[in-house]
Amino acid sequence: MKTINFIVTLLLVAAFTACGSGASNKPECTVTIVSPGEEYAQAVLYDVDNWVLDSVVFSNNEAVMVRRDTAEMPYLGFLRFYNPADSLDFIELPMAVERGDVNIDLSHGIGLSGTPLNERVHGFLIARARLNSQFDIENDTTVTVEGLRKAFSQFYVEQINANRDNVLGDFLRESYGIHVLPADRPKLK
């Protein structure tokens, strides 16, 4: 009986490790996208230097993009959803291009999931939206520019430190590090 329990325990541990590790044996990144609205007919993937990498056209508000540039993975990119009727109408979403299945559903808010880095990008976006919502700069006269700078400086330090071992952390350091106040810079790891 002990042998059976031991084998069952080993099988369960192996199954949970395989499912929870986030590692993918897929050689490509498959991005399944649900459009943020019928007016957005195309999604274009850009790198952080604004170079076009790929694009897809939606059919029935859905599209699939497959990236096979595995030598470059993982990297951060930006998906822009364009409205062909209005060239100034687009929605931009950062995402990590890494091996595995990425799911993007913008039909009801920010929906980004599927791979470990995209879970982190999603967490960053949600946390930033939550921080933004804490300040009512139009109606609250107690909100100061200095108070906003301090709050966002501390937020970016936390986010950079939490992601210091991945491409999201590199991006945050390069793009948002300028908003870290001198007093908070020693806190960066």
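Just checking the listed ones, 52, 97, 34: in the Gaussian network model of the chain with Cα springs under 10 Å, the one fluctuating most is 52. If you sort 26, 189 by accessible surface, 1.4 Å probe, largest first, the order is 189, 26. Under the criterion of Cα pairs below 8 Å and six or more residues apart, the relative contact order for the chain equals 17 percent. Relative protection proxy for 163-175, 79-91, from highest mean packing down: 163-175, 79-91 (other beta-carbon atoms within 10 angstrom).
Take the stretch 143-189 with all the other protein chains still there, run a 1.4 Å probe, and you get 60 Å² of accessible area per residue. Considering only 111, 100, 147, give the residue with the highest GNM mean-square fluctuation for the chain, with springs between Cα atoms whenever their separation is below 10 Å. Comparing 111, 100, 147 in the GNM, the peak value goes to 147. Listed by chain and number, the aspartates and glutamates whose alpha-carbon sits under 19 Å from that of residue 150, ignoring those within fewer than 8 places in the same chain, are 136, 138, 140, 158, 174, 184. Each Lys or Arg adds one and each Asp or Glu takes one away; over the other residues whose Cβ falls under 12 Å from the Cβ of residue 99, this sums to -2. Near residue 54, the amide H atoms lying under 5 Å from its own belong to 45; only residues 5 or more places off or on other chains count, and H is placed 1.01 Å from N.
Solvent-accessible area of the chain (1.4 angstrom probe, protein heavy atoms only): carbon and sulfur portion equals 55 percent.
Once the C-beta distance of residue 59 and residue 87 is scaled by a Förster radius of 22 Å, the resulting FRET efficiency is 0.50 to the nearest 0.05. Of the residues 104, 160, 126, the one that moves most in a GNM of the chain with alpha-carbon contacts below 10 Å is 126. Each principal axis of the Cα cloud of the chain was taken in turn, and the coordinate range along them, longest first, works out to 70, 46, 32 Å. Taking every C-alpha pair closer than 8 Å and separated by at least 6 residues, the mean separation divided by the residue count of the stretch 76-127 gives a relative contact order of 26 percent.
The values are calculated or read from the model by the stated rules, or taken from the named source; none is laboratory data. Because the structure is a prediction, the values reported are computed rather than measured. Note: ideal-geometry Cβ built from the backbone for every residue, glycine included; neighbour counts use all protein chains shown. Surface accessibility is based on the protein's heavy atoms, side chains included, excluding ligands, DNA and RNA. Shrake-Rupley method; radii C 1.70, N 1.55, O 1.52, S 1.80 Å.
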